[in-house]
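The block underneath contains the structure these notes are about, expressed in structure tokens.
The values are calculated or read from the model by the stated rules, or taken from the named source; none is laboratory data. Since the structure is predicted, the reported quantities are computational estimates derived from the model, not experimental observations. Don't worry about glycine lacking a Cβ; one is built from the backbone with ideal geometry, like all the others, and counts go over all protein chains shown.
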Amino acid sequence: MNNRFAIIQHDAIADAGISPRECVRWVEESFKMKPMAQLPPKISIHPQGDDFFNTMPALLAPECGRFAVKEVHRIAGQTPSLGADIMLYDSRTGHLLAIVDGDWITTMRTGAVATLSIELFQREGVNCYSFLGLGNTARATALCLLEELDGKPVTMRLMRYKDQAESFIDRFSSYSNVTFEIVDDVNELVAGADVLISCITSADGLICADDSLYRPGMLLIPVHTRGFQNCDLFFDKVYGDDRGHVQGFKYFDKFRQFDELTNVLLGANPGRESDDERILCYNIGLGLHDAVFASRIYDKLKDNCSEWVEQRKETSKFWI
């Protein structure tokens, strides 16, 4: 039996015209789908130091008829340090539909999740966003956030690191509604933050150990979870993309309140209830997001995909 599967490369995805707003809608769709999907915990293997290989399977809601498994890795010293690949299947037949480059998907869905969290949990009247770590994930978050803000005036405070702040400003120089500030001290960054998005991938110890610097009403989004464990103990509410991702955290049993972001989107949890609440979002990353993105991208690109592989499968019941 012959079955073709597509090879969908990074450049084809990047050139497909997928807007940041579309990415935010896809992650919202995937969060709302979570109760109908099957999403086992990711398997994490560490070859050395902080390096990892994570394997993330996800079966979409039955009406989608799609299954995907993502492999994502971080290897220090590689450029970029993060990499990913996704295998997409027809869950009704078991046929492999595509091998999809996961780098664009990982970055954009992560930025879209951060943006959706901002929309759900920031306090009223916020127009200033602070960034720690200014790589591709921060850029993806800024792209999604700016498109969702739709031209509203906004200030972005950037923590200086090498020449990344200047490069970040140059990347977004065409946005006339954005002003930038560069901050040289992390305590100053935290103390002045209404919304703090941390996109650093590694941290030794706490980023800011002075709890008093985290102002009332603050929203903290540590994208890669590093460096803010002190906040677990005194922030008013903690939200995560999946309970299984955070229930092993050292201070999980000391969270004042915890719930999954899905329950806020479905109306089962009120989310922010006052402008004084400090809210912490641990969105570790769902294979469900990647599966939805891979499925949507496959449907967009399959008719014009130039790379297909013919897969030859044995059909006899006994073949040994």
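Scanning the range 263-308 for residues that are in a loop (DSSP other than H, G, I, E, B), among the hydrophobic types (A, V, I, L, M, F, W, C) and under 17 Å from GLU119 (Cβ atoms) returns a single hit, LEU266. Screening LEU96 against (1) aliphatic (A, V, I, L, M); (2) surrounded by fewer than 19 Cβ atoms within 10 Å (Cβ to Cβ); (3) without any contact (Cβ under 8 Å) to a residue 40 or more places away in the chain leaves a single unmet condition, (3). Screening the range 167-202 for residues that are free of Cβ contacts under 8 Å to residues at least 60 places away in the same chain and among the small types (Gly, Ala, Ser) and picking the one that is farthest from CYS144 (Cα to Cα) gives ALA191. Name the residues in the range 205-237 that are part of a helix (DSSP H, G or I) and touching a helix residue (DSSP H, G or I) at 6+ places or on another chain (Cβ under 7 Å), would you? If the condition is that a residue be part of a helix (DSSP H, G or I) and touching a helix residue (DSSP H, G or I) at 6+ places or on another chain (Cβ under 7 Å), then ASP211, LEU213, ASN230, ASP232, LEU233 are the ones that fit. Checked against the criterion of being farther than 29 Å from TYR239 by Cβ, part of a loop (DSSP other than H, G, I, E, B) and not charged (D, E, K, R), the range 94-117 has at least one qualifying residue. Taken over the range 160-199, the criterion of being in a strand (DSSP E or B) and under 19 Å from ASN127 (Cβ atoms) is satisfied by VAL178, THR179, PHE180, GLU181, ILE182, VAL183, VAL195, LEU196, ILE197. With a requirement of 2 or more residues that are within 19 Å of ASN283 (Cα to Cα), not assigned by TED's automatic domain parsing to the domain that holds VAL246 and not small (Gly, Ala, Ser), the strands (runs of 3 or more DSSP E) lying completely within the range 1-79 that satisfy it span 52-59, 66-74.
Selection of first residues in the range 271-283 that are assigned by TED's automatic domain parsing to the domain that holds THR115 and at positive phi and of second residues that are of a type in the set (A, V, I, L, M) and part of a loop (DSSP other than H, G, I, E, B), restricted to Cβ pairs under 8 Å at least 6 apart or on distinct chains, gives an empty result.
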